Amino acid sequence: MLVERSMHPQYLSNAYLVADEEGGRGLFVDSGAPLERLLAAAKAWRVEPELVLRTHSHHDHIENESELGLPVQTGPVEVGRMRVEALPTPGHSDDMVAFVVNSEIVFTGDTLFKDSVGGGTFDEIRRSVMDVLMRLDAQTRVCPGHTDETTIGREWEENPFVRVWRGVEPEGRTTVRVAGEDATLIVWSPDYDGGGKAWVRFADGRDAIVGGSRVQRT
């Protein structure tokens, strides 16, 4: 299987071209990055992409769909020798889907990143990461919606959110403020944009995953 990636210089969002082999069948995953690199790869591999897999409908992941002019798929599909499973992973958005291709590679959209997870509805993000994605084989390549590739096994062992959810690291106890409210900082991790991502718990027991810029350490 062949995979080429393009990344938007501002959004840092990824779009991918996937083909079963040179001269074979192909598809795109998302379209929110410049297309030139992917179209050049399609020409070099002698493939005609047949459809676009859409992980979710946020602007930075669908920007060039109309330019591609291909059918958009959000469910399971087979293209050539590629069998695509569609795993609902809501939390960051209601329509989020992770696509597993030939049980080898998963395109996780904005649910799971290297060292981090997506922001959104806390319980749904946790369930999508731990009960869906972390059940894939450890060797599965993870191609996220932003920046660097990783593997399920690496994130199981090293992702700060996953380690606390697994119970192998304790919850943090640092007092912070978020949007004017007192909270406890449970997890701090790097994030794809070079900032941070935080799991915080408010005084009333609410858990939230927020961008690091929203967290004020007291």
Read phi for every residue in the range 32-43 and hand back ³J(HN,Hα) as whole Hz from Karplus 6.51 cos²θ - 1.76 cosθ + 1.60, θ = phi - 60°, with x for Gly and Pro. x, 10, x, 8, 4, 5, 6, 5, 5, 5, 4, 5
Place +1 on the Cβ of every Lys and Arg and -1 on the Cβ of every Asp and Glu in the chain, take the dipole about the Cα centre, and give the residue among Ser128, Met82, Leu38 whose Cα lies farthest towards its positive end. Ser128
Taking Cα pairs closer than 8 Å and at least 6 residues apart, the relative contact order of the chain in percent is 13 percent
Residues with amide H under 5 Å of Tyr11's amide H, sequence separation 5 or more or different chain, H placed in the peptide plane at 1.01 Å from N; which? none
Lys, Arg +1 and Asp, Glu -1 on Cβ, resulting dipole of the range 97-183 about Cα centre, debye, nearest 20: 100 debye
Efficiency of FRET between Asp131 and Asp204 - r from beta-carbon atoms, R0 30 angstrom, step 0.05: 0.70
Would you kindly derive the ³J(HN,Hα) couplings of the range 160-165 from the backbone phi angles with the Karplus curve 6.51 cos²θ - 1.76 cosθ + 1.60 (θ = phi - 60°), listing them in order in whole Hz, with x for Gly and Pro? x, 5, 4, 5, 6, 4
Cα atoms only: what Rg and Dmax, in Å, come out for the chain? 18.0, 58
Amide H neighbours of Gln73 under 5 Å, counting only residues 5+ apart in sequence or on other chains, H built in-plane at 1.01 Å? Val52, Leu53, Arg54
Tell me, what is the percent relative contact order of the range 62-179, built from C-alpha pairs under 8 Å that lie six or more residues apart? 18 percent
Residue-ordered couplings for the range 59-64, obtained by feeding phi - 60° into the Karplus form 6.51 cos²θ - 1.76 cosθ + 1.60 and rounding to whole Hz (Gly and Pro as x), are 3, 6, 10, 10, 3, 10
Taking placed amide H atoms and a strict 5 Å upper bound, the residues 5 or more places from Thr147 or on another chain that come that close are Asn14
Can you pull out the GluC sites (Glu not before Pro) in the range 44-128 that DSSP calls coil and that have at most 14 other Cβ atoms within 10 Å? Glu104
Quick check for you: which residues of the range 187-204 have the amide N under 20 Å from the point 7 Å beyond the Cα of Arg173 toward its beta carbon? 187-189, 199-204
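Read-outs: derived from the displayed coordinates by stated rules, not from any lab. Not measured: the values here are computed from a predicted model. Heads up, the Cβs are rebuilt from the backbone with ideal geometry, glycines too, and the neighbour counts pull from every protein chain shown.
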